[in-house]
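Following: one structure in structure tokens, then a few remarks.
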Amino acid sequence: MRPVITAFARSPDRGRGLARDMRVRWALEEVGQPYDVRLLPFEEMKQPALLSLHPFGQIPTWEAGGLVLFESGAIILHLAQRHASLLPEQPDARARAIAWMFAALNTMEPPIVEFGMAAILERGQPWFEQRQPMLEERVRTRLGQLSAWLGDADWLDGAFSAGDLLMVTVLRRLDASGMVGNYPNLAAYVARGTARPAYQRAFDAQLAVFQQAEPG
Ligand SMILES: N[C@@H](CCC(=O)N[C@@H](CS)C(=O)NCC(=O)O)C(=O)O
């Protein structure tokens with residue numbers, strides 16, 4: 001049974017692989033699970049059909065064998081629990097890898113998203129110039145802590161896991177800012193993740209959707 005995920009019909013990231021279906025596609029590619037994608041135009045995001053799958057009318061969602069899921073982290077955890085290779089077998093190592101999934105989504109992603117969204121939505125507001133350095137500093141603090149933890153290791157805790165997969169996609173949200181480049185080990189970490197063949201296949205698939213929507 002092929003799972004069906006949802007994705008933007010026309011991604012606002014213009015094919016840069018930042019929309020959150022990218023991380024689910026990457027996880028599916030890592031475990032070798034073929035999948036189908038239902039593309040959603042913006043006009044359909046808050047319509048009953050999507051709201052019956054996702055309470056907030058967002059992408060990605062997951063449907064397979066009667067199970068409907070939302071939240072990219074929950075979808076990837078579900079997948080990782082059913083296939084080898086995204087979570088270690090050993091129970092303590094598995095628990096630590098899951099902790100890194102939460103750390104990516106719960107500790108790293110919020111300040112990164114807030115920094116990015118402010119630059120898009122608040123530019124021109126009277127508080128923008130004052131607030132931006134504070135938001136940037138919060139991101140820098142987290143990057144410094146993550147960099148110190150990673151040191152010269154390849155991955156966050158032993159072998160590549162779903163924790164790394166999520167962390168790399170979260171760090172990629174900073175591409176336009178250049179901030180990750182200030183931490184050579186984190187820049188190398190992201191490069192290591194995005195060089196994985198599974199990542200490349202997922203990226204190409206997401207890019208192809210954008211190119212078909214906006215040829216040339
Ligand atoms: N925490 C959710 C966030 C989902 C989310 O923000 N999705 C974005 C695309 S990356 C979306 O659907 N935005 C459109 C909207 O919120 O209306 C997850 O990780 O799945």
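A short reminder: the numbers here are calculations on the coordinates, not readings from a lab. None of these values were measured; they are calculated from a predicted model. As a convention, Cβ positions derive from the backbone with ideal geometry for all residues, glycine included, and neighbour counts pool all protein chains shown.
Here is how the numbers come out for the structure above:
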{"quantity": "Contour excess over end-to-end distance, with Cα ends at N185 and R201 and 0.36 nm allotted per residue", "calculated": "3.3 nm"}
{"quantity": "Rounded if a/c under 1.5, otherwise prolate or oblate - the chain, Cα gyration tensor axes", "calculated": "oblate"}
{"quantity": "Phi to ³J(HN,Hα) by Karplus 6.51 cos²θ - 1.76 cosθ + 1.60 over segment 29-34, Hz, x for Gly, Pro", "calculated": "5, 4, 8, x, 9, x"}
{"quantity": "Per principal axis, descending, Cα span of segment 149-201 in whole Å", "calculated": "27, 27, 15"}
{"quantity": "Loop-resident sites, segment 119-216, for chymotrypsin sites (Phe, Trp or Tyr not before Pro), counting at most 14 other Cβ within 10 Å (DSSP)", "calculated": "W127"}
{"quantity": "Amide H contacts of T61 (H built 1.01 Å from N, under 5 Å, at least 5 apart or other chain)", "calculated": "T6"}
{"quantity": "Three-way shape label, segment 102-216, alpha-carbon gyration tensor, a/c 1.5", "calculated": "oblate"}
{"quantity": "Rough spin-label spacing in nm, given labels placed 7 Å along Cα→Cβ, for L51 and A74", "calculated": "1.8"}
{"quantity": "Packing-based ranking, highest mean first, of 174-184, 55-65 given that Cβ atoms within 10 Å are counted", "calculated": "55-65, 174-184"}
{"quantity": "In segment 56-136, the trypsin sites (Lys or Arg not before Pro) that fall in loop regions by DSSP, at most 14 other Cβ within 10 Å", "calculated": "R123"}
